[in-house]
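The structure appears below as structure tokens.
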Amino acid sequence: MEYKIKKLPKSEVEIEITLNANEWQAEVENAYNKNKGKYNIEGFRKGKAPRKVIEKMYGPTIFYEDAISEAFYNNYIQVLNKEKELEPVDNPSLDVKSVSDDGAVLVAKVVVRPEVKLNKYTKFGVEEHKHEVTDKDVEKELKTAREQNARLEEVNRPIKKGDIANIDFAGSIDGVPFDGGTSEGYDLEIGSKSFIEGFEDQLIGVSAKEEKDVLVTFPSDYHAEELKGKNAVFKVKVNSVKEKILPELDDSFASDVSEFETLEEYKADIKKHLEEHMKEHIRIELENEILDKIVENMEVEVPNAMVETELDGMLKDLEYRLMYQGLKLEDYAKYIGKTVEEIRKERKKDALKSVKIRLALQEIIKKENLDLTDKEVDEKIKEMAKSANKTIKDYKNSLTPEHLNYIKNDILMNKLMNFLVENN
């Protein structure tokens, strides 16, 4: 087999594979051996008819299609194994330039990983954005904890902000009910802003067993197309009013909601966790700023096939997350007033950036000869085994090749990001 490689625009290459007469006839013979069992020829047991007899009856090219397919696949893989710099990012297309008893010329066109020119990826002089954890931040966390541990007490008075009102409601536009506008026994926290603007405020001052017409206007950017900008009337009946009773902020509260005996210890722990979270946030912020600068300075023509593949992955991920909420992608799109295709189009810019970042990181790893040692992998597995409460041997035995590759990639990415932070 001989081959020629020709570079085409937009990161596409053309691979012309030439098979001489002997090579081509060997492929046809293989196709005959694989398919001869399909033919019933009078005078021969099924699968025993000679090739020439089958070709005489069905035509001399009867095995060509299978031979071309097999020859292309086998020889295309051979070329890729020899030409390591060719990294396909899409499936190849096949064209038959010529075929006869004297041989075959097959042409493959495939999009490959584009050439990347980084220009600069160190010495950007990026500064860490310092963020202090304040007493106010701790108080905010304490407020959330109190809210989560509040008890509800039914009260016989008009609704105030912060109360939980149990309501029945039925919405209509010009006297016509609309989908999703009716509910019974709904618990609404007044002031939570979970309903349309103005709805909750109009219930302030209403008591249990009373009814009220609530007038609202749907926002012009509302997710349901048929409701955008429309005036609506909700007939509301208040079933009950409950007041939220917050627990006292003292040592007793701290021991109830945490492992600590005193409020001061609990507050110190909250501050510690906030500082750890802030440290992670600052690091991510720093890494993202460095990556943005690398992408700004790089030169690359990203093939559309790579962007489309990235988009496929992004939408699959979204679909997977929606599934856990009992939603389909199509239903979610309808809910936000878009089509799936519009969501895909909106995310194309993010997909392009994601591909550029990946290409840049791969290029930096290559340029800096960043690699893993067995010791680094073993240390990580040891750490993960300890977290899983398993022996190192048992944990290693439980790892699939895919999981092991994921671990190695994670170590390498951490190593790479440490390098970029240290050098920027």
- Do you know which residues across segment 283-298 are part of a helix (DSSP H, G or I) and touching a residue at least 12 places away in the same chain (Cβ under 8 Å)? ARG283, GLU285, LEU286, GLU287, GLU289, ILE290, LEU291, LYS293, ILE294, VAL295, ASN297
- How many residues are out of contact with any His (no Cβ under 6 Å at 6 or more places or on another chain) and on the phi > 0 side of the Ramachandran plot when one looks only at segment 319-350? 1
- Query: So which of ILE159, ILE167 is of a type in the set (Val, Ile, Thr) and in a loop (DSSP other than H, G, I, E, B)?
  - Reply: ILE159
- Message: Is it the case, given these coordinates, that GLU301 is over 30 Å from SER220 (Cβ atoms), assigned to a helix (DSSP H, G or I) and more than 17 Å from the chain's Cα centre (by Cα)?
- Response: no
- Yes or no: ASP137 at negative phi and surrounded by 15 or more Cβ atoms within 10 Å (Cβ to Cβ)? yes
- Message: Among the residues that make up segment 5-17, is at least one of them farther than 30 Å from VAL112 by Cα and either hydroxyl-bearing (Ser, Thr, Tyr) or exposed (fewer than 15 other Cβ atoms within 10 Å of the Cβ) (or both)?
- Response: no
- Task: Looking only at segment 192-201, decide whether some residue is in the same structural domain as ASN239 (by TED's automatic domain parsing) and touching a residue at least 40 places away in the same chain (Cβ under 8 Å).
- Result: no
- Residue check, ILE270 against (1) aliphatic (A, V, I, L, M); (2) part of a helix (DSSP H, G or I); (3) within 29 Å of ASN423 (Cβ to Cβ), all met but one. Which one? (3)
- Out of (1) within 29 Å of GLU87 (Cα to Cα); (2) surrounded by 16 or more Cβ atoms within 10 Å (Cβ to Cβ); (3) of a type in the set (Ser, Thr, Tyr), the odd one out for THR400 is which? (2)
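To keep it simple, each residue is scored yes or no on (1) at pLDDT 95 or above; (2) surrounded by 17 or more Cβ atoms within 10 Å (Cβ to Cβ); (3) touching a Pro at 6+ places or on another chain (Cβ under 8 Å).
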| site | (1), (2), (3) |
| --- | --- |
| LYS267 | yes, yes, no |
| GLU296 | yes, no, no |
| LYS353 | yes, no, no |
| LEU359 | yes, yes, yes |
- Message: Given the criterion among the aliphatic types (A, V, I, L, M) and part of a strand (DSSP E or B), identify the matching residue among ALA145, ALA108.
- Response: ALA108
- Among the candidates GLU259, GLU310, GLU276, GLU248, single out the residue that is surrounded by 15 or more Cβ atoms within 10 Å (Cβ to Cβ) and either out of contact with any helix residue (DSSP H, G or I) (no Cβ under 6 Å at 6 or more places or on another chain) or at pLDDT 95 or above (or both). GLU310
- Does LYS34 satisfy the condition of being farther than 30 Å from ASP292 by Cα, outside any loop (DSSP other than H, G, I, E, B) and touching a residue at least 40 places away in the same chain (Cβ under 8 Å)? no
- Would you confirm whether any residue within segment 44-56 is small (Gly, Ala, Ser), within 25 Å of LEU106 (Cβ to Cβ), assigned to a loop (DSSP other than H, G, I, E, B) and free of Cβ contacts under 8 Å to residues at least 24 places away in the same chain? no
- Out of GLU248, GLU243, report the one residue that is under 29 Å from ILE159 (Cα atoms), without any contact (Cβ under 8 Å) to a residue 60 or more places away in the chain and acidic (Asp, Glu). GLU248
- Query: Here are SER69, SER11: which of them is among the hydroxyl-bearing types (Ser, Thr, Tyr) and free of Cβ contacts under 8 Å to residues at least 60 places away in the same chain?
  - Reply: SER69
- Message: Taking the condition of being surrounded by 16 or more Cβ atoms within 10 Å (Cβ to Cβ) and without any contact (Cβ under 8 Å) to a residue 12 or more places away in the chain, how many residues in segment 335-351 meet it?
- Response: 1
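The values are calculated or read from the model by the stated rules, or taken from the named source; none is laboratory data. Being a predicted model, the structure only gives us computed values, none of them experimental. Cβ coordinates were reconstructed from backbone atoms using ideal geometry, including for glycine residues, and neighbour counts include every protein chain displayed.
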